[in-house]
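Step one of this worksheet: look at the structure below.
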Amino acid sequence: MGQTVFMNRRESSRVFPVAVLALLAACGGGDGASETLAPLPTNVSTTAASTLAPMVTTTGVPESTTTLVVDITTTVPAAAKLVLRGDSLGDVRFGVDAEGAISYVESLLGAPDSDSGYVDSASEFGLCPGEQVRGVRWGDLLLLFGDESEVASGRLHFYGWRFGSVGTSMPEPVGPATEGGITLGATVNEVLKAHPNADVYSDDVFGAGFDIDAGARGLVSGSLSNDSPNGVTLALFGGVTCGEWASGI
């Protein structure tokens, strides 16, 4: 609308001088003398004397732009290397000597929280095979060593692991899980999704639990709050189980 108003005003300024001259010609001189007015110029331009600069219809783009680079780093816990298998814990297979196994776990988790040393096979860890047993613990992760198992006999060696809460609100360390990703807190539904062939059971002796048979990798077992789809994994173990669970494990 601004442009239309401007055009009307421009047309008025162009016509006005012509109308004034015509009026003067009609009235003539005051004394009746005949006067001839100079003819109107024939080369009067009807084009506007000035042209407005065109409006800018494009949005300016900054001469320089800054690219924001977001670095999203996902930290994988060191304990994730401790894969819970039926024949090993991470890269440590059952049958290796105790010091080698302990050194490996220490390289990932640091010094253990406790070490029982070798004690009688009937101990806080349950009734274990052979004559001696040793338990080395990092939080909720327990490694068991002894002088007798199905993988070795007559020498001290690594033969089992347990991963179960000892009363903490959050499992420690965070990371150990089965090859299917099952760890403490996983539901029965999640266990069966990750390991479709897992056997979930409940009986009067062992309570609710499950077994994951990995063939050559051995058997990983777990205890459950109950065997319903929403039952929660309370503990996982592989290798020698030493009869019964120790109190609080």
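The values are calculated or read from the model by the stated rules, or taken from the named source; none is laboratory data. All values derive from a computational prediction rather than experimental measurement. Neighbour counts run over all protein chains shown; Cβ positions are idealised from the backbone, glycine included.
Take the conditions (1) among the charged types (D, E, K, R); (2) touching a His at 6+ places or on another chain (Cβ under 9 Å); (3) in contact (Cβ under 8 Å) with a residue 24 or more places away in the chain; residue 147 misses just one of them, which is (3).
Check whether at least one residue in the range 208-219 is at pLDDT below 95, part of a strand (DSSP E or B) and not acidic (Asp, Glu), and report yes or no. Spell out how you get there, then give the answer.
Here is the first cut: in the range 208-219, the ones at pLDDT below 95 are 213-219.
Among the residues that remain, those that are also part of a strand (DSSP E or B) are: 213, 219.
Now narrow it down to the ones that are not acidic (Asp, Glu): 219.
Scanning the range 208-219 turns up at least one residue that is at pLDDT below 95, part of a strand (DSSP E or B) and not acidic (Asp, Glu).
Taken over the range 122-140, residues that are in contact (Cβ under 8 Å) with a residue 60 or more places away in the chain and either touching a Gly at 6+ places or on another chain (Cβ under 7 Å) or within 20 Å of residue 91 (Cα to Cα) (or both) amount to 6.
A quick yes/no check of all residues on (1) closer than 15 Å to residue 209 by Cβ; (2) in contact with a Phe, Trp or Tyr (Cβ under 8 Å, 6 or more places away or on another chain); (3) outside any strand (DSSP E or B):
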{"residue": "155", "(1), (2), (3)": "no, no, no"}
{"residue": "160", "(1), (2), (3)": "no, yes, no"}
{"residue": "170", "(1), (2), (3)": "no, no, yes"}
{"residue": "176", "(1), (2), (3)": "no, yes, yes"}
{"residue": "184", "(1), (2), (3)": "yes, yes, yes"}
{"residue": "196", "(1), (2), (3)": "no, no, yes"}
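For residues that are buried (at least 18 other Cβ atoms within 10 Å of the Cβ) and among the β-branched types (Val, Ile, Thr), scanning just the range 201-224, find the one that is nearest to residue 85 (Cα to Cα). Looking at the filtered set, the residue picked out is 220.
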